[in-house]
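Below: one structure, written as structure tokens.
The values are calculated or read from the model by the stated rules, or taken from the named source; none is laboratory data. This one's a predicted model, so the numbers in the text were calculated from it and none came from an experiment. Heads up, the Cβs are rebuilt from the backbone with ideal geometry, glycines too, and the neighbour counts pull from every protein chain shown. Protein only, heavy atoms only, side chains kept; ligands, DNA and RNA dropped before computing areas. Shrake-Rupley method; radii C 1.70, N 1.55, O 1.52, S 1.80 Å.
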Amino acid sequence: MGGSRVQVNKPHKSRFSSKSSRNLHKTSVKDRLAIAKSERNVGKGARAARIQRNKMIRDQKRAAVLKEKRELSGSRSPPRVIVLFALCASVDLESLADDLLSLLSKDTCVVLSGTVASSEYRTRITVLKAPHGDLLSCMEMAKVADLMVFVASARSSCEETDSYYIDSFGNQCLSVFRSLGLPSTAVFIRDLPPELKHRNELKKICTSSLASEFPEDCKFYPADTKDELHKFLWLFKEQRLKVPHWRTQRSYLLSQKVDAVYDGNSEKCTLFLTGYLRSRNLSVNQLVHVSGAGDFQLSKIEVLKDPCPLNSKKNQDLMDADEMHDTEVIGSLVPDPQNQEALVVENIPDPLAGEQTWPTEAEIAKADEDQKKKKIKKRSLPHGTSEYQAAWIVDDSDEESDYDNENDDGMVLDEGEDGFPGQEENKYSEFDGDGASLRLGDSDEETDNDSVMMEVDNLTREKIEDELNELKEAHAADEEFPDEVDTPLDVPARKRFAKYRGLKSFRTSSWDPKESLPQDYARIFEFDNFKRTQKHVLAKALELDHENREDCISVGSYARLHIMGVPSAVASKLSLLAKTIPVTACGLLKHESKVSVLHFSVKKHEAYDAPIKSKEELIFHVGFRQFVGWPIFSSEFINTDKNKMERFLHAGRFSVASIYAPISFPPLPTIILKRDGENAAPAVAAVGSLKTVDADRIILKRVILTGYPQRVSKRKASVRHMFYNPEDVKWFKPVELYTKRGLRGRIKEPVGTHGTMKCLLNGVLEQRDTVCMNLFKRAYPKWPTHHFPLSE
């Protein structure tokens with residue numbers, strides 16, 4: 001064939017490339033044009049709507065920032081709290097605080113202690129000095145600080161710590177402040193040399209050394225002269241401060257004056273706290289918590305004239321201003337008895353609530369019918385046997401039933417999903433664990449029972465104790481099994497461990513959270529759905545800010561709280577503490593005065609070396625509130641509803657601390673303090689946060705009973721020193737055994753009269769191995785004698 005031909009390829013079929021174009025060929029050309037036009041219009045409209053939505057979000061953010069700036073510079077906002085904290089004991093805070101107050105009070109005078117209104121900087125500031133060495137004062141000031149100013153000295157030499165400018169107390173407080181949540185921070189560098197070159201070099205060295213200890217947005221300022229402080233104040237008045245989230249959910253009042261009026265009853269009094277309300281509106285019908293003292297009701301709220309107004313004149317006469325403004329009351333709020341929240345702490349249990357009632361006639365009649373329907377099994381008797389003679393004849397079936405009843409009275413074993421097949425008599429048992437099956441047989445009788453019984457019967461009490469001590473000394477270095485306990489020689493194990501039970505599987509075996517609860521559980525409150533309740537309570541609290549209610553005072557108001565029902569001893573302690581520690585009153589949300597079981601995720605503080613044992617008295621600082629609790633510690637497992645109790649709080653990892661305490665809604669930071677002596681100052685023992693409130697959380701205490709092989713023959717072994725009488729062996733027979741080297745097995749039968757038992761295992765037992773048995777019981781926290789530190 002002549003001539004060249006051009007290759008023609010088949011065109012790509014793009015007709016069905018998408019689902020929307022599959023049926024496009026079925027429509028007419030006119031309809032296709034209409035569809036394309038409408039799609040173009042939809043795209044343009046969506047783009048315009050998206051642009052408009054983004055513009056609206058930007059405008060809302062800009063308006064929120066402007067509103068916040070106006071509030072900060074306005075007279076309605078409370079004074080900003082600046083806390084000065086010395087990183088080293090050699091830093092002089094007195095001169096720094098005096099310089100700040102003198103700059104702010106050029107055109108006015110200090111009306112309240114530490115609080116000043118400056119018309120030059122258009123702001124109101126409260127300056128607090130954290131006393132170096134007083135941990136409680138530093139913590140309480142950090143809870144209310146709007147700006148934390150850390151003061152460092154360029155001449156300081158703290159050789160006992162890694163940082164050259166921070167001493168040991170400063171390091172401890174820094175870790176506590178981080179756990180509480182740091183607000184906006186700044187660092188002042190003092191004692192710089194006057195020479196400019198050397199001054200800048202030393203400032204760079206100090207900044208690079210301290211930069212890793214503070215947040216990234218923290219700024220460093222030289223603070224030796226008033227000009228440098230003036231630059232800082234000029235920037236500070238425009239700064240947008242950030243506070244921890246937990247402080248924005250509750251209203252609080254930093255008291256500047258603490259008084260008490262004692263009524264005719266000497267045990268109770270009315271406490272007066274005067275100060276500025278912060279964060280949120282406060283209702284007179286709410287409950288309030290006074291730091292360290294407890295939860296109380298309000299009898300009245302008086303709104304006073306602001307003693308430190310921002311627009312005060314330069315030459316205003318402010319003599320005796322405190323007394324004048326305290327007596328000048330703008331308005332007062334009285335609680336409504338119908339809407340006021342009741343102060344309910346504990347539930348009052350009914351002692352007859354759990355009593356068994358007498359059965360009704362219908363129940364008795366039904367029981368009689370069921371008894372008649374039972375079929376009596378006929379036995380084969382010799383011909384001519386009377387009923388009296390038949391009663392004395394024992395069948396094999398009767399013997400079997402008696403034997404079964406004996407076994408039913410023994411140790412209770414909670415089965416998993418598949419049950420516990422190890423209770424079959426003289427058959428093989430099969431355990432499913434970790435992908436491997438265990439088969440135990442009785443076909444080979446290779447253990448000499450007679451010789452074992454003779455050796456066991458010849459043992460005396462002294463010999464048993466000597467052998468046991470030798471074995472315990474050999475295994476003393478083994479720290480892998482910390483829950484091992486010794487079975488007492490003088491008390492039967494079935495009585496000593498009567499409250500314990502065996503579990504087929506810690507993960508899958510069931511444990512009823514309502515079973516055998518202690519009497520203390522009748523005094524606590526429980527939620528059906530805690531998260532849903534928390535969401536509802538926080539939504540109700542948010543309504544107080546958006547609604548103009550008559551029973552609320554607004555943020556920034558200078559008010560006096562009349563707190564009723566305060567014990568006189570507690571009020572006198574607060575009056576003394578108010579000289580060094582700021583007394584804070586915070587509004588409580590609904591249900592927060594009621595006692596329940598609180599769970600905290602805590603970690604032992606790195607600076608605390610002493611052991612922390614479960615059920616020891618500890619002081620919990622949870623947000624603004626303070627509790628006293630006797631916690632139990634437990635580890636948390638993700639894939640099961642059961643948690644293992646820990647006898648001590650271990651360093652380097654998180655554990656869960658559970659206590660009886662008034663309800664609080666997370667998230668809240670937690671600082672745990674412990675007193676090493678009666679008159680000793682409390683030290684930071686652990687830090688963490690509130691996890692949840694749950695009375696049904698199951699915490700199991702585990703004990704491990706150990707025995708040691710006496711004679712081994714392949715998969716059979718005689719084990720001693722786990723029990724000391726055959727009745728205990730029969731009682732714990734249903735519980736599974738395991739060894740420290742990974743074998744699993746069960747008890748076959750007791751041998752002799754001293755508690756030695758024959759065991760069957762799924763492998764060959766080594767003579768140096770140890771046979772173990774796990775027993776569990778549910779553990780609960782200890783009920784506190786007092787809930788608050790100052791009420792003891």
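Summary table below
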read-out: Residues of the stretch 492-517 classified as within 16 Å of ASP696 (Cα to Cα), open to solvent by 70 Å² or more (accessible area, probe 1.4 Å) and without any contact (Cβ under 8 Å) to a residue 60 or more places away in the chain, total; value: 1
read-out: Residue match in the stretch 533-550 (condition: open to solvent by less than 40 Å² (accessible area, probe 1.4 Å) and under 30 Å from VAL329 (Cα atoms)); value: yes
read-out: Residue ID - nearest to the chain's Cα centre (by Cα), chosen from residues in the stretch 253-286 that are outside any strand (DSSP E or B) and among the hydroxyl-bearing types (Ser, Thr, Tyr); value: SER279
read-out: In the stretch 518-529, residue most open to solvent (accessible area, probe 1.4 Å) [restricted to those that are more than 18 Å from VAL344 (Cβ to Cβ) and touching a residue at least 40 places away in the same chain (Cβ under 8 Å)]; value: GLN519
read-out: Residue ID - modelled with the highest pLDDT, chosen from residues in the stretch 49-104 that are in contact with a helix residue (DSSP H, G or I) (Cβ under 8 Å, 6 or more places away or on another chain) and under 17 Å from VAL555 (Cα atoms); value: VAL81
read-out: Filtered residue count, the stretch 181-210, keeping only those that are open to solvent by less than 30 Å² (accessible area, probe 1.4 Å) and at positive phi; value: 1
read-out: Filter result for the condition that a residue is modelled with pLDDT of 80 or more and open to solvent by 80 Å² or more (accessible area, probe 1.4 Å), over GLU369, GLU341, GLU328; value: GLU369
read-out: Failed item, numbered, when LYS777 is tested on (1) assigned to a strand (DSSP E or B); (2) open to solvent by less than 50 Å² (accessible area, probe 1.4 Å); value: (2)
read-out: Filtered residues of the stretch 682-721 (kept if touching a Leu at 6+ places or on another chain (Cβ under 7 Å) and either free of Cβ contacts under 8 Å to residues at least 40 places away in the same chain or within 30 Å of VAL176 (Cα to Cα) (or both)); value: PRO682, ALA683, VAL684, ALA685, ALA686, SER689, LEU690, VAL693
read-out: Selection count, the stretch 580-600, where residues are aliphatic (A, V, I, L, M) and in contact with a His (Cβ under 9 Å, 6 or more places away or on another chain); value: 3
read-out: Looking only at the stretch 614-658, and only at residues there that are of a type in the set (Gly, Ala, Ser) and either assigned to a strand (DSSP E or B) or modelled with pLDDT of 95 or more (or both), the one that is surrounded by the fewest Cβ atoms within 10 Å (Cβ to Cβ); value: SER635
read-out: Any hit, the stretch 289-306, residues being in contact with a Cys (Cβ under 7 Å, 6 or more places away or on another chain) and either outside the structural domain of SER77 (by the TED database) or assigned to a loop (DSSP other than H, G, I, E, B) (or both); value: yes
read-out: Unmet requirement for PHE236, which otherwise passes all of (1) under 29 Å from LEU66 (Cβ atoms); (2) aromatic (Phe, Trp, Tyr); (3) surrounded by fewer than 16 Cβ atoms within 10 Å (Cβ to Cβ); value: (3)
read-out: Test for LYS300: is it in contact with a helix residue (DSSP H, G or I) (Cβ under 7 Å, 6 or more places away or on another chain) and either without any contact (Cβ under 8 Å) to a residue 12 or more places away in the chain or surrounded by fewer than 19 Cβ atoms within 10 Å (Cβ to Cβ) (or both); value: no
read-out: Residue match in the stretch 704-720 (condition: surrounded by fewer than 18 Cβ atoms within 10 Å (Cβ to Cβ), within 19 Å of LYS495 (Cα to Cα) and either at pLDDT 90 or above or not β-branched (Val, Ile, Thr) (or both)); value: yes
